[in-house]
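Have a look at the structure that comes next, please.
The values are calculated or read from the model by the stated rules, or taken from the named source; none is laboratory data. For clarity, every value in this text was computed on a predicted model and none was experimentally measured. Here Cβ is always computed from backbone atoms with ideal geometry, including for glycine, and neighbour counts include all displayed protein chains.
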4 protein chains.
Amino acid sequence: MVKAGVLGATGSVGQRFILLLSQHPTFELHALGASPRSAGKKYADAVVWKQTELLPESAKEILVQECKPEGALAECDVVFSGLDADVAGDVEIAFKNAGKAVISNAKNYRREKDVPLIVPICNPEHMEVVEAKLRAAKEKGEQKPGYIICISNCSTAGLVAPLKPLVEKFGPIDLLTTTTLQAISGAGFSPGVSGIDVLDNIVPYISGEEEKIEWETRKILGNISDDGTEFAPLSEDEIRVSAQCNRIAVSDGHTECISLRFKQQPPPSLEEVKQCMRDYQCDAAKLGCPSAPKNTIHVLEEVDRPQPRLDRNRDAGYAVSVGRVRPDPVLDYKMVVLSHNTVIGAAGAGVLIAEILHAKNLL
Amino acid sequence: MVKAGVLGATGSVGQRFILLLSQHPTFELHALGASPRSAGKKYADAVVWKQTELLPESAKEILVQECKPEGALAECDVVFSGLDADVAGDVEIAFKNAGKAVISNAKNYRREKDVPLIVPICNPEHMEVVEAKLRAAKEKGEQKPGYIICISNCSTAGLVAPLKPLVEKFGPIDLLTTTTLQAISGAGFSPGVSGIDVLDNIVPYISGEEEKIEWETRKILGNISDDGTEFAPLSEDEIRVSAQCNRIAVSDGHTECISLRFKQQPPPSLEEVKQCMRDYQCDAAKLGCPSAPKNTIHVLEEVDRPQPRLDRNRDAGYAVSVGRVRPDPVLDYKMVVLSHNTVIGAAGAGVLIAEILHAKNLL
Amino acid sequence: MVKAGVLGATGSVGQRFILLLSQHPTFELHALGASPRSAGKKYADAVVWKQTELLPESAKEILVQECKPEGALAECDVVFSGLDADVAGDVEIAFKNAGKAVISNAKNYRREKDVPLIVPICNPEHMEVVEAKLRAAKEKGEQKPGYIICISNCSTAGLVAPLKPLVEKFGPIDLLTTTTLQAISGAGFSPGVSGIDVLDNIVPYISGEEEKIEWETRKILGNISDDGTEFAPLSEDEIRVSAQCNRIAVSDGHTECISLRFKQQPPPSLEEVKQCMRDYQCDAAKLGCPSAPKNTIHVLEEVDRPQPRLDRNRDAGYAVSVGRVRPDPVLDYKMVVLSHNTVIGAAGAGVLIAEILHAKNLL
Amino acid sequence: MVKAGVLGATGSVGQRFILLLSQHPTFELHALGASPRSAGKKYADAVVWKQTELLPESAKEILVQECKPEGALAECDVVFSGLDADVAGDVEIAFKNAGKAVISNAKNYRREKDVPLIVPICNPEHMEVVEAKLRAAKEKGEQKPGYIICISNCSTAGLVAPLKPLVEKFGPIDLLTTTTLQAISGAGFSPGVSGIDVLDNIVPYISGEEEKIEWETRKILGNISDDGTEFAPLSEDEIRVSAQCNRIAVSDGHTECISLRFKQQPPPSLEEVKQCMRDYQCDAAKLGCPSAPKNTIHVLEEVDRPQPRLDRNRDAGYAVSVGRVRPDPVLDYKMVVLSHNTVIGAAGAGVLIAEILHAKNLL
């Protein structure tokens, strides 16, 4: 079993990591890090558990420690970070410097030139930058270096996943718009979204979210430099992305109404677009990763789907659902995309990234 | 007082007409029409009242009659129709043929060449086609003819209202997209939207809605033929409109995330766009109509507004609120528009249309 | 495998039966009955599937037939009825007369003197009336007779389950009150509860529900006649039950705030009451039934639990959760009980009843 | 005009005070107190306004000051406190000592022997203790002393209001139970109730609420000592009260399912009970207070009412609605009571208390 640690273990993302790891065939929950306030307590005493599944027995007795690469955390083969951005920066770099593989849900290092920004069902090939670094160290006889891999923003994940096979098959996308209807679980829960803000209401704004979608999409759909050491995001001329983000009264599952235009004109036919997404199988599935979705993209034909309550758990939340694919009078095609924000958009993505690393012997 | 009748009086739109008319300074609730099942009963016994305000005393005792231009309904100066589309066609034409002014919320006659499709804070000048018809009859010494004026679809109303001053000042809009987050009151309540469909859920589809928005926008922003007797909607080449519609857990108030590109390039500046909407005063206000909004368009500067719960009742629901106006990487500008679907998007629009007709002596 | 049929297969209870049976280790989904409108279609074409889990592959191709004891339905060893009350009466009796074991969620036969009304984690011993009947027929050399077993009302199930061990250990309950906060799934979904009724609202009334709770509790906690052939519900003097029922915006899981007084005074101590519920193991668990809950009653000590979203799925919904057990200034003790209305309160109860019948060789 | 100040002006209760006072015929919003963080700012800049009505123009420019009896606050004739309990104690006593009439929504002084705990539509006669104190000071030629009057807990207000006429007419109540379904506005909004706690969920616990209901009911329905200077709450033997409190997804309006037994047996008839509540007119109405409800208690006969969305605004929220009055198999009668928690249960109660004081020349 691969020893796994979780940083920010009492937070909402940390709790999801713990749920996923506690039943995992490959990873073993070995250490938990949280704030000094929680350190020294048993996890069951430190956490206000808010998941719909019960707190796993295997996690209850683990002694929470501070988020430093010491003790049990130092023994981990991989460390998952659910830390808030205000503390993630220093902590994650310390673990990297201690030689650890850090898989982070925080935004701090997403824009770093040599840090992969990964949606595991979309651009796992970007992890080659890490692979190259490890290979180089090995060749030089150096110790295995630590590294950070960033999980993308949750609404970015749902957006780019169905684009990947389209770009691979039909060439670059020129214009891309998304209007999101985002679940409240994405905001955590201490306090998270206030009840009064979502009861009989919408909040048509999520701080920083639109910028993240517009920038991260360009990195994820972008390239690696010729020497294989850096990322070369698409420029604003290569793909123009526009996002409008809304918070609504849904617990889990981000819905996005997207529209796109291909560079190549005339564009592929409607049926070609749908078939291309239907046929797509992500690399993680090909590698046999245990959490990889059987169908990466579910293309639904029912007129009123996908719906969060009915479709968010397809393939345990690791797949995305696409529906209502149809011609768009303004761009080429419009469609509705649903993704599970705490699975493929956060902790689940982290676990699947680690499974890919493990399958490639990079842990 | 002007005698007013309501057709479809027990339905959700009918109930709203009754609420608005029962406290109106000019119109007097005189007659109520409903299905044969309700006919003959006192209104209080016929209706399942579902409004947040109490059933007005003045309506309780009115005897409901069938929807025919007879009895008290024949005495009305104006008839408001909240009928469902499956019965509105025959009934409304019968009232028109009986010489009545019919203001209809149904979709049946919206696409008729000589029927105005009106958002009263946007295109009241389209009622001139009716005015011309009345003038012609008068000149010929004929009896005053009946006519039908259609209220637009609710989500169309919110979309076109803020566009009107922009088009007037900066010329035609070339491309227009809207993703709607629509309230459940728009679907009526027998049964309306099922609870299980909107609790922790979104339904990304409303039957016929996207087509209505895309078509009605072109008529409302379009022209009148040279002889003043017909409408000449914009062609799909003149303005391309794309709508994506969602039903969500909000009681009242449609939110729309819209984006637009002007024909004229470069487009007006952000500040010009906002100032233009801020300065706009609708004709109904200039005519002194009692329900006309003081500010037609509220341009909000708070980063997270408009919100349905907080902003839908501005100017009693007759105004629209616009927020987050900002440059759009794909088109020119994007913004969030909120309109009260049962007021400016349905019954309230009907009442304001009648007020304009009254102010112009057309009733 | 035991062949199972489902009547009312397209309704909400029928869908839940199908979900549970499609993955069952003992029962095999063999036949589906629905209205003549659906008969002749493949199930996937006949149903509007509204479950959060996907329609099982094994059910998709089954040809729906009319609800008559013919064809594939006649081949079933057990028939689960999710029929509405207006048709359940005739259909269920026809299946009984055809020699079938019918497990019904409908209310029609619950008050019949010789029909067991069963909450499988509470009063499975009431099925002895059926057992006796089968034994008698066997002794007489007659063919195995058909029979009907009724599933209790959903909110009754949650109420009586925690009472059973208390009554067994501390003697009869004298006074019992419950105020329910019931989920909308209990009302089905065509149309079920209207969205406008539960969005920012409560409906403090559910037709017939309070009477069901007050009466069914007395049968379920009641006795069997001395000759073992009939039920002898407790009289209103033996236990007075008062229910107040509310419909609220929860998808699944009925919460009940209950209060009770024991006949025996002074009553058991608070700790005795909690320990008694904690220690209780239902017969189905002792019999090794696959769906039986490991812990029948979860006694929670957290101050703000049970909560529907967090606790309804304990033991896959076959357990009940009890929290906030505390002295009551008016009666003896008050507590909050949560039960999963579509599992232990409906289809799940039916399946667990069948498992008990199977374990006892009564099918 | 009577000069009014508001303490805790930026909080949720403070905002409601400001809304009510800004349109008041007698009181004039004169001064606003808040935390040192807000002091010195214009109110519009200090507050995050979260009301469904817009921030009144008259309040926008008022300079917020610290909560001390100085400056504009010292000029007020009456001071309304919406302060949190952790700061209300010291501040309110300072205003009292400075000779001010303080009407407080905080819990700090509710149990003080000489402080009236008032539901203005229920026990305004308890303000006589203050009246006596003022009279005594006047007789002694002393300066008019300051005093504190406490507004009751919100769910207590809804509970006791309909009991008052029953007790007056039919004598003491012996046993009283209430299960509450409470709105989230009662918890304020920074952060208030978390969205994830009420979306598809109930929280069956509100800290301290049950104790407040059980104790405050005994003071409000209790007596004044013979010398008129102190309160003599009913003992636990005189009335036993039991409350179970739940937080649910309703914005405004507390629903309570109550049950009661009269001391006098046999109890009054069902019709007598309903008629008694229907006939009740509160003293504030008799005194002509502008906010007093026209009907204090609305006794509804519809089978499924009261409902929060439909009934909470009766008489602008100053009335309570009672429905489903019916015999209770355990106590005498059960019924559903709805009250508007931010009106008659908080700020509105404060304003109505002040109106009564003004009508009696006690300000």
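Within the stretch C:32-51, is there a residue that is acidic (D, E) and within 19 Å of C:V13 (Cβ to Cβ)? Break it down into steps so the answer makes sense when it comes.
First, pick out the residues of the stretch C:32-51 that are acidic (D, E): C:45.
Subsequent filtering for residues that are within 19 Å of C:V13 (Cβ to Cβ) retains none.
Checked the stretch C:32-51: no residue is acidic (D, E) and within 19 Å of C:V13 (Cβ to Cβ).
Right, something else. Could you grab me the full set of residues in the stretch D:63-121 that are in contact with a strand residue (DSSP E or B) (Cβ under 7 Å, 6 or more places away or on another chain), of a type in the set (S, T, N, Q) and in a loop (DSSP other than H, G, I, E, B)?
If the condition is that a residue be in contact with a strand residue (DSSP E or B) (Cβ under 7 Å, 6 or more places away or on another chain), of a type in the set (S, T, N, Q) and in a loop (DSSP other than H, G, I, E, B), then D:N105 is the only one that fits.
Looking only at the stretch D:288-323, which residues are away from chain C (no Cβ under 14 Å) and farther than 21 Å from D:K164 by Cβ?
Within the stretch D:288-323, D:P290 is the sole residue that qualifies.
Between A:A4, A:A44, which is assigned to a strand (DSSP E or B) and on the phi < 0 side of the Ramachandran plot?
Answer to the check: A:A4.
For the stretch B:318-340, what are the residues that are without any contact (Cβ under 8 Å) to a residue 60 or more places away in the chain and within 24 Å of A:D200 (Cβ to Cβ)?
Matches in the stretch B:318-340: B:S321, B:G323, B:R324.
Mind checking which residues of the stretch C:33-52 are among the small types (G, A, S) and either more than 7 Å from C:V64 (Cα to Cα) or in contact (Cβ under 8 Å) with a residue 40 or more places away in the chain (or both)?
Correct list: C:G33, C:S35, C:A44, C:A46.
One line per residue, one yes/no per condition, for (1) within 17 Å of A:V250 (Cα to Cα); (2) within 14 Å of chain D (Cβ to nearest Cβ):
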{"site": "A:A137", "(1), (2)": "no, no"}
{"site": "A:K144", "(1), (2)": "no, no"}
{"site": "A:G158", "(1), (2)": "yes, no"}
{"site": "A:T180", "(1), (2)": "yes, no"}
{"site": "A:A183", "(1), (2)": "yes, yes"}
{"site": "A:G186", "(1), (2)": "yes, yes"}
{"site": "A:P191", "(1), (2)": "yes, yes"}
{"site": "A:V198", "(1), (2)": "yes, yes"}
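Still on this structure: Have a look at B:L176, B:L159, B:L181 and point out the one that is modelled with pLDDT of 95 or more and over 19 Å from the mean Cα position of the chain (by Cα). Talk me through it step by step, then tell me what you get.
Working: B:L159 fails: over 19 Å from the mean Cα position of the chain (by Cα); B:L181 fails: over 19 Å from the mean Cα position of the chain (by Cα).
So the residue among B:L176, B:L159, B:L181 that is modelled with pLDDT of 95 or more and over 19 Å from the mean Cα position of the chain (by Cα) is B:L176.
For the stretch C:128-150: of the residues being over 23 Å from C:P69 (Cα atoms) and touching a residue at least 40 places away in the same chain (Cβ under 8 Å), which is surrounded by the most Cβ atoms within 10 Å (Cβ to Cβ)?
Filtering first and then ranking leaves C:V129.
Checking the structure you have, find out if any residue of the stretch B:339-347 is more than 10 Å from every other protein chain (Cβ to nearest Cβ) and more than 22 Å from B:S22 (Cα to Cα).
yes
Give B:V273, B:V330 a once-over and let me know the one that is away from chain A (no Cβ under 12 Å) and β-branched (V, I, T).
Selected residue: B:V273, the only one of B:V273, B:V330 that is away from chain A (no Cβ under 12 Å) and β-branched (V, I, T).
Just to be sure, is C:N361 farther than 17 Å from C:K164 by Cβ, within 14 Å of chain D (Cβ to nearest Cβ) and either in a loop (DSSP other than H, G, I, E, B) or of a type in the set (G, A, S) (or both)?
In short, no.
Could you tell me whether C:D200 is at positive phi and either crowded, with 24+ Cβ neighbours inside 10 Å or among the acidic types (D, E) (or both)?
Numbers: at positive phi: yes; either crowded, with 24+ Cβ neighbours inside 10 Å or among the acidic types (D, E) (or both): yes.
For C:D200, the condition - at positive phi and either crowded, with 24+ Cβ neighbours inside 10 Å or among the acidic types (D, E) (or both) - is met.
Could you tell me which numbered condition B:Y280 fails, if it satisfies all but one of (1) within 10 Å of chain A (Cβ to nearest Cβ); (2) within 26 Å of B:I356 (Cβ to Cβ); (3) not acidic (D, E)?
With (1) within 10 Å of chain A (Cβ to nearest Cβ); (2) within 26 Å of B:I356 (Cβ to Cβ); (3) not acidic (D, E) applied to B:Y280, the lone miss is (1).
Of the numbered conditions (1) away from chain D (no Cβ under 14 Å); (2) at pLDDT below 95, C:E236 satisfies every one except a single condition; which is it?
(1)
Sticking with this structure for a sec: Report yes if some residue within the stretch D:10-23 is surrounded by fewer than 17 Cβ atoms within 10 Å (Cβ to Cβ) and of a type in the set (D, E, K, R); otherwise report no.
Checked against the condition, which is being surrounded by fewer than 17 Cβ atoms within 10 Å (Cβ to Cβ) and of a type in the set (D, E, K, R), the stretch D:10-23 yields no hits at all.
The rows are residues; the columns are (1) surrounded by 24 or more Cβ atoms within 10 Å (Cβ to Cβ); (2) basic (K, R); (3) out of contact with any strand residue (DSSP E or B) (no Cβ under 9 Å at 6 or more places or on another chain); (4) more than 23 Å from C:K334 (Cα to Cα).
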| site | (1), (2), (3), (4) |
| --- | --- |
| D:E211 | no, no, no, no |
| D:L221 | no, no, no, yes |
| D:I224 | no, no, no, yes |
| D:A232 | no, no, no, yes |
| D:I248 | yes, no, no, no |
| D:H254 | yes, no, no, no |
| D:F262 | no, no, no, no |
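Shifting gears a bit: Evaluate the following for A:G253: is it within 10 Å of another protein chain (Cβ to nearest Cβ) and under 24 Å from A:Q23 (Cα atoms)?
yes
Would you confirm whether or not the stretch B:191-208 contains a residue that is at pLDDT below 95, more than 27 Å from A:A183 (Cα to Cα) and part of a loop (DSSP other than H, G, I, E, B)?
no
Looking at D:V47 and the list (1) surrounded by 19 or more Cβ atoms within 10 Å (Cβ to Cβ); (2) of a type in the set (V, I, T); (3) more than 25 Å from B:L300 (Cβ to Cβ), which single condition is not satisfied?
Unmet for D:V47, out of (1) surrounded by 19 or more Cβ atoms within 10 Å (Cβ to Cβ); (2) of a type in the set (V, I, T); (3) more than 25 Å from B:L300 (Cβ to Cβ): (3).
Of all residues in the stretch C:1-15, how many are under 20 Å from the mean Cα position of the chain (by Cα) and closer than 16 Å to C:E355 by Cα? I'd like the intermediate steps shown before the answer.
At the first step, the residues of the stretch C:1-15 found to be under 20 Å from the mean Cα position of the chain (by Cα) are C:4-15.
Then drop every residue that is not closer than 16 Å to C:E355 by Cα, which leaves C:4-6.
So the count comes out to 3.
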